[in-house]
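The values are calculated or read from the model by the stated rules, or taken from the named source; none is laboratory data. The model shown is predicted, which means the values in this text are computed figures rather than measured ones. Glycine gets a Cβ as well: all are built from the backbone with ideal geometry, and neighbour counts include every protein chain shown.
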């Protein structure tokens, strides 16, 4: 429903397949707008865990959300299978801007696209900390030129 | 965590109190970023239902989300009580831009703020339709000058 | 839809009002069966927090779910307002059986009823521990004879 | 945490893999008890859709939940991969009792098990109807002797 033209899969650098759930669908029979952010959240967290940016239970540095946005291009619905594409658009001192696309299986243009800003903070104080070098390298690996 | 300065309650025109839920909290003990969009979604839908903009089950015109965004200023957590503030920032031919703030009870500055664009469409075809006059009047009642 | 006769409000000892959310509704326009367990979960946790049975962030003893069940008597739907009734049906060495009813505002017989077994465990090892005396007293205060 | 001994994969007849999500985890870092019912709900619905028992958008007969239950044996956590096993334990005139197990990948004994009773009803009146013959045949295909 957004007027912005949807991007395609080639614009993303890392992918995670997600299975939709019955309760993702709302009264209109489509995945509810809120649920897309759960897809974003899951893809970002999985990237961060798999690349050892954070450890959910133990690491002294964790990530908190500063901003998230989604534009909805066309509906998806359970039991569709989807893939979330991820790329990194900007790496700051303490924060990273991820961009994400939700793709229905077999379709090249995104059903929805958005971004997600994560800030690296101390687990207890929630104070921003500089992004560690090994994290910066992992983020660079999915960086795109804008 | 967003760098944008948070707004306060006086900047909003209509309010809805929401009770937080145990599962709103994530592993860090704060309301997960995704859940804020459920608060937005609920406030917007309730405004639309109470002001008879739409009827969830029967009206030939329904609303679909085109875009949503949230900036997170400070954490909230179950069992906090919260209120969502709503205002209308722009009324187009077929779409409306709502702006929303999430307020913790007893706190005047927003814990999070964002926007939500709803497009009025035919229920079956999902084609945009002009906003009906009685809907436009209801939206005007919570309009703010920017 | 359950064949069991629904109970009424007088059968419960402690109550918590919950606001429904737009995304609680499923494709049929009623609150999805899964969401009732979130109502249960929230009422039980709030009772436990308010009566200082547990502290979500710090206490060395926490509660984990052993079993939960719900029988659905009649549908509810956003934007209904609901109240969850709670009572204690059995207090064991390490576990407690709560019983719960979901009531639509203005209706005396339950829309749904169920139970929830919580086990008191050490936060780190997840090993069951005897229910402390002050917790037992709080549970006794909402105990019913069966 | 349930005292009932967990079943294993061989006790189930149909399987569906589900990807866990970041927000499935609660404050203790494990999948919240509520979310298991979403796994159940999804597996049952998918079985029903794939075997053409119902059509979510159009069929005059739909299924509503009468009862659901879950026993929790051991925790799972995002980013675990899981599979839900399904079997049919009883077919009545208008209702079916499904039994379900949640299995962590690579583990043969269930992390959680439960049941789910679906009643076949007319979409508009919600009145129970006899289970159609083709549906009964599909259910028989995953029936187990108790």
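Considering only the range D:1-16, how many residues are touching a strand residue (DSSP E or B) at 6+ places or on another chain (Cβ under 8 Å), surrounded by fewer than 17 Cβ atoms within 10 Å (Cβ to Cβ) and at pLDDT 95 or above?
5
Filter the range D:1-16 down to the residues that are touching a residue at least 60 places away in the same chain (Cβ under 8 Å) and either assigned to a strand (DSSP E or B) or within 9 Å of another protein chain (Cβ to nearest Cβ) (or both), then identify the one that is nearest to residue D:106 (Cα to Cα).
Among those that are touching a residue at least 60 places away in the same chain (Cβ under 8 Å) and either assigned to a strand (DSSP E or B) or within 9 Å of another protein chain (Cβ to nearest Cβ) (or both), it is D:8.
Does residue C:42 count as at pLDDT 95 or above and either over 30 Å from residue B:28 (Cβ atoms) or within 14 Å of chain D (Cβ to nearest Cβ) (or both)?
Yes: the conditions hold for residue C:42.
Within the range C:17-38, can one find any residue that is away from chain D (no Cβ under 12 Å), crowded, with 18+ Cβ neighbours inside 10 Å, under 17 Å from the mean Cα position of the chain (by Cα) and assigned to a strand (DSSP E or B)?
Yes; the residues of the range C:17-38 include at least one that is away from chain D (no Cβ under 12 Å), crowded, with 18+ Cβ neighbours inside 10 Å, under 17 Å from the mean Cα position of the chain (by Cα) and assigned to a strand (DSSP E or B).
Looking at D:117, D:84, D:96, D:135, can you tell me which residue is out of contact with any helix residue (DSSP H, G or I) (no Cβ under 7 Å at 6 or more places or on another chain), surrounded by 23 or more Cβ atoms within 10 Å (Cβ to Cβ) and touching a residue at least 40 places away in the same chain (Cβ under 8 Å)?
D:117
In the range D:51-146, which strands (runs of 3 or more DSSP E) lie fully inside it and hold 3 or more residues that are under 17 Å from the mean Cα position of the chain (by Cα) and within 14 Å of chain C (Cβ to nearest Cβ)?
D:61-72, D:95-104, D:112-122
What number of residues in the range C:55-72 are within 21 Å of residue C:109 (Cβ to Cβ) and surrounded by fewer than 21 Cβ atoms within 10 Å (Cβ to Cβ)?
The qualifying residues number 1.
Within the range A:99-114, which residues are over 20 Å from residue B:64 (Cα atoms) and surrounded by 23 or more Cβ atoms within 10 Å (Cβ to Cβ)?
A:99, A:100
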